[in-house]
Structures are given as C-alpha cells and as structure tokens.
Amino acid sequence: MSQHSDDRQSGPSCAKVFFALWPAAAERSQLAAWRKPLQRLCRGRAMSDETLHNTLVFLGNIEQSRLETLQLAALEVSAVCFELCFEVARYWGHNHIVYAAPVHVPPALAQLVDTLEQRLVKHHFNFDRREYKPHVTLLRNAHWTDAPLPEMPPVRWQVHDFALVQSVREDGLANYRVLERFPLALA
C-alpha cells in the first residue's frame with residue numbers, strides 16, 4: 001500500500017470514480033441493439049442504455065476533497081481523437097459478463113490510457129493496474145461456453161473526449177454520473 005491508501009477507502013466524504021469513454025446517443029443505441037440477441041443466448045441482466053461505456057481507468061473510492069486534483073490530472077492529458085470500432089461480442093466466464101470488444105486497439109487509445117495513468121501516478125492516485133482491454137459490458141450474470149458468440153454489426157465510435165464518471169448506488173444498482181468531460185485534440 002502506498003502512503004495514499006486513503007484514496008480507496010469508502011465513507012460519506014468519498015466518491016467512487018473512474019475515467020471512461022462515454023458514447024453519444026448514436027453509438028449507445030447501436031451497442032444497445034447487441035443486447036437482445038445476446039441475452040436470448042446467454043441470459044443474464046442487460047445493462048441499461050445509460051450505463052454503457054468503456055472504462056479507461058478505474059480508481060474506486062477517493063476523497064471528495066481530491067476530486068479537483070483528479071480533474072487537474074485529467075486536464076494534463078495530451079491525446080488525439082480516434083475511431084474505436086466494436087466488432088465482436090465476447091464472454092468472460094470468471095465474472096459472467098458478455099461484452100462488446102474491438103478486434104484491434106487503436107494506438108491513440110492505448111496512448112490515452114498510458115498518459116492518463118502517468119498523470120494519475122504523478123498526482124499520487126491509486127487505481128486498478130491491469131492490462132488494458134477495451135470493452136463495453138452488455139450483460140451481467142450471463143452464462144455461455146467457450147464457443148464464439150454470433151457476429152454483430154460493427155459499431156464505429158468517433159472518440160472526441162473522455163469523461164470522469166462517478167458511480168452512485170440507486171435502488172441496489174450502479175448509476176453513473178458524468179462529472180466532467182475532457183476534450184481530445186484533433187489528429
């Protein structure tokens with residue numbers, strides 16, 4: 001644990017936050033269209049349209065007093081706009097999730113995640129450090145085998161910004177609030 005382990009504690013003065021790519025209505029609608037045929041095959045609970053996103057970096061609980069510093073770290077990120085294409089549906093058996101994924105990770109996306117992580121380290125934030133695998137969760141509590149899922153129509157997402165998002169529990173489910181968006185530079 002680092003000297004800043006208090007960033008991850010929960011409590012009334014904490015916010016559960018993450019950075020994400022937040023789709024516009026058109027991309028959200030196209031991704032949502034994948035859920036029904038996949039749910040017929042895999043069952044599970046469909047994620048609501050409003051929660052569809054691609055997490056960049058998950059921080060978890062941080063003190064409310066550090067949100068301004070977190071926003072400053074994001075403002076220091078220098079990255080360019082890019083296209084992200086979700087082309088395949090996949091299943092993670094360890095957590096029973098069906099998700100949309102790209103076949104190829106755009107270099108600009110990998111660089112955005114790397115730069116954001118560097119800025120967070122500079123400002124002494126703890127976050128989940130694992131290999132970055134872009135995805136949009138479509139179904140939870142799903143059940144499938146190792147067999148490939150059916151082909152889905154590609155969703156081309158023009159990424160112009162990234163967002164700081166807060167997760168809030170409402171009626172036992174996570175609801176997400178975009179706290180701030182950070183524009184990317186034109187390529």
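Considering only the range 31-44, I want to know if a residue exists there that is assigned to a loop (DSSP other than H, G, I, E, B), under 13 Å from residue 142 (Cα atoms) and among the small types (Gly, Ala, Ser).
yes
Output the residues belonging to the range 81-109 that are within 18 Å of residue 139 (Cβ to Cβ) and hydrophobic (A, V, I, L, M, F, W, C).
Once the filter is applied, which keeps residues that are within 18 Å of residue 139 (Cβ to Cβ) and hydrophobic (A, V, I, L, M, F, W, C), the range 81-109 yields 86, 88, 89, 92, 97, 98, 100, 101.
Conditions tested, residue by residue: (1) of a type in the set (Asp, Glu); (2) at pLDDT 95 or above; (3) not in a strand (DSSP E or B).
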site: 114; (1), (2), (3): yes, yes, yes
site: 119; (1), (2), (3): no, yes, yes
site: 133; (1), (2), (3): no, no, yes
site: 151; (1), (2), (3): yes, no, yes
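Kindly provide the set of residues from the range 124-168 that are aliphatic (A, V, I, L, M) and surrounded by fewer than 16 Cβ atoms within 10 Å (Cβ to Cβ), ordered by number.
147, 168
Checking the condition of a type in the set (A, V, I, L, M) and surrounded by fewer than 19 Cβ atoms within 10 Å (Cβ to Cβ), which residue from 73, 20, 26 passes?
Residue meeting the stated conditions: 26.
Being modelled with pLDDT of 95 or more and not in a strand (DSSP E or B) is the requirement here; does residue 56 meet it?
In short, no.
Just the residues that are over 13 Å from the mean Cα position of the chain (by Cα) and part of a strand (DSSP E or B), please, taken from the range 162-172.
Once the filter is applied, which keeps residues that are over 13 Å from the mean Cα position of the chain (by Cα) and part of a strand (DSSP E or B), the range 162-172 yields 168, 169, 170.
Could you grab the pairs with beta carbons closer than 9 Å, sequence gap of 6+ or different chains, first residue in the range 157-177 and without any contact (Cβ under 8 Å) to a residue 60 or more places away in the chain, second one assigned to a strand (DSSP E or B) and β-branched (Val, Ile, Thr)?
If the second residue must be assigned to a strand (DSSP E or B) and β-branched (Val, Ile, Thr), the pairs left are 177/165; 177/168.
Does residue 98 count as in contact with a Cys (Cβ under 6 Å, 6 or more places away or on another chain) and either of a type in the set (A, V, I, L, M) or not in a loop (DSSP other than H, G, I, E, B) (or both)?
yes
Go through (1) under 19 Å from residue 138 (Cβ atoms); (2) modelled with pLDDT under 95 and name the single condition residue 78 misses.
All conditions pass for residue 78, except number (1).
Filter the range 77-123 down to residues that are exposed (fewer than 14 other Cβ atoms within 10 Å of the Cβ), in contact with a Phe, Trp or Tyr (Cβ under 8 Å, 6 or more places away or on another chain) and of a type in the set (D, E, K, R), then give me how many there are.
Adding up the residues that qualify gives 1.
The values are calculated or read from the model by the stated rules, or taken from the named source; none is laboratory data. Note that the structure is predicted; figures quoted are calculated from it, not measured. Backbone-built Cβ (ideal geometry, glycine too); neighbour counts: all protein chains shown.
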